[in-house]
Amino acid sequence: MSEPERSFTLLDGGRPVEVPARVEGGAVRLSPQAVEALGWRLEPEGLCREGLCVPVPAGAALATPDGIALEALAALLDRPLALDLEEGAAYLGASAADRAGALASLEAPDFTLPDLHGRLHSLAEHRGKKVFLVAYASW
Amino acid sequence: MWQALYEELKELGFVVITVALDRGPEDARPWIEAARPTHPSLIDVGHAVADLYNMVNVPTVVWIDERGRIVRPNDVAFGTDTFRHITGIEAARHLGALRAWVRGEAQPKASRADMEIPRAERGGEAPVMAAREVRALQPVPSQADQQARAEFGLGRWLAERGRGEAAERHFVRAGELAPHDFTIRRGTMPIRGIDPMGPAFRAMLEEWVGAGKSYYRPLPD
């Protein structure tokens, strides 16, 4: 017998999405709607987003009778998954290969962050200037 | 200190962007109010920049040219010699190179390999470093590093919701996965109610340095 669906928080690169999910035997099963809330759709070609599909290998164990396996989804997308079943939350991080590829391209990754007054600034606004980027902290 | 550098060089098409990897604006506020920056001075509670640039400690600096390309990878630089007795890093070393780059002067770091890069690609200016050298010196994250960042992200979200005990599990796991990542091991201390300058930090540092590892890892000369 399946466990009932409950609300689960998926943090997609930090963006929280509340989705219904089943938690069974230490695994998380998502409905197709939950996967769509992450921007993906399971189609015959594979796992698709904006016309691009990641083929699903036969052994991927992505689709189960109870829904789409979150761990298999993360593995297929090559993204790290931090999971807390007790808290009903998971964080999908950035793929190491994506990060390594972006850094090897030498294109400085863009970011948008607030200042002390909540005003947003992007690196890209400074194109045409030499930028000295300094990360620091109070600790 | 970076504000003075910005004032000195801003007419030459130069900008400083500082990013505080702090748990919230209130931790960064005293530093920002003391510096009175007129350049972008940003707050990065989710460590987005650390993730994108694979930064594992502070301070970490990167040079980005007019076309948005990384021309000098992650390095350690201080604006003053206030903490030189602790860090062993002299401010002048980096500042001199930085001024030369902004002024478009000949680069001490430029080697013969740079001349193999077509002039157009170099933007007509002597490069700071050959692209291959930048790639070789820029550390890229492992899967364990990215797993640690995901654990950190989950821990931070839980901590924000008052789920301190659950958050702690993920912060500890993150530190085990990426023991060299002090943006996680030390950077989470304020969130966890641990003094980041106190005994827990000193014990961590002693263990790290005692194992023959460096807390600050500047680029080689």
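Coordinate-derived values only; no laboratory data. Here the structure is a predicted model, which means the values were calculated and not measured. Here the Cβ positions follow ideal geometry from the backbone for every residue, glycine too, while neighbour counts run over all protein chains shown.
Assorted remarks:
- The residues neighbouring A:GLY93, those whose beta-carbon lies less than 11 Å from its own, together hold a net charge of -3 under the Lys/Arg +1, Asp/Glu -1 convention.
- Using just its DSSP H runs of length 4 or more, each adding -39500 (n - 2.57), the protein assembly as shown gives a mean residue ellipticity at 222 nm of -9500 deg cm²/dmol after division by all residues.
- Spin-label model distance (nm) - B:THR80 vs A:ALA97, 7 Å beyond Cα toward Cβ: 4.8
- For A:LYS129, the aspartates and glutamates whose Cα falls under 19 Å of its own Cα, not counting residues fewer than eight places away in the same chain, are A:GLU107, A:ASP110, B:GLU7, B:GLU8, B:GLU11, B:ASP65, B:GLU66, B:GLU105, B:GLU121, B:GLU125.
- For chain B, the convex hull drawn through the C-alpha positions has a volume of 138 cubic angstrom per residue.
- Pairwise centroid distance, computed over Cα atoms, of the stretch B:8-33 with the stretch B:40-90, Å: 11
- For the stretch B:143-210: rounded, prolate or oblate by the Cα gyration tensor [a/c cutoff 1.5]: oblate
- Under 14 Å, Cβ to Cβ, from A:ARG41 - net charge with Lys/Arg +1 and Asp/Glu -1: -3
- Here the stretch B:148-221 is assigned +1 on the Cβ of each Lys and Arg and -1 on the Cβ of each Asp and Glu. Its dipole about the Cα centre then comes out at about 180 debye.
- Burial order of peptide ranges A:54-65, B:15-26, B:190-201, B:127-138 (average beta-carbon count within 10 Å, highest first): B:15-26, B:127-138, B:190-201, A:54-65
- Given in Å, the Rg to one decimal and the Dmax to the nearest whole number for the Cα atoms of the protein assembly as shown are 22.1, 73.
- Shielding of peptide A:87-95 by partners, expressed as the average count of other chain Cβ atoms within 10 Å per residue Cβ, is 6.
- Inter-part distance, the stretch B:157-221 to the stretch A:45-78, computed on C-alpha centroids, equals 34 Å.
- For the stretch A:6-97, the Kirkwood radius over C-alpha pairs fed into Stokes-Einstein at 10 °C and 1.306 mPa s yields D = 120 µm² per second.
- Over the stretch A:1-40: Kirkwood hydrodynamic radius from C-alpha pairwise inverse distances, Å: 10.5
- When each of the peptides A:118-124, A:100-106 is scored by how many other beta carbons lie within 10 Å of its residues on average, the order from highest to lowest is A:100-106, A:118-124.
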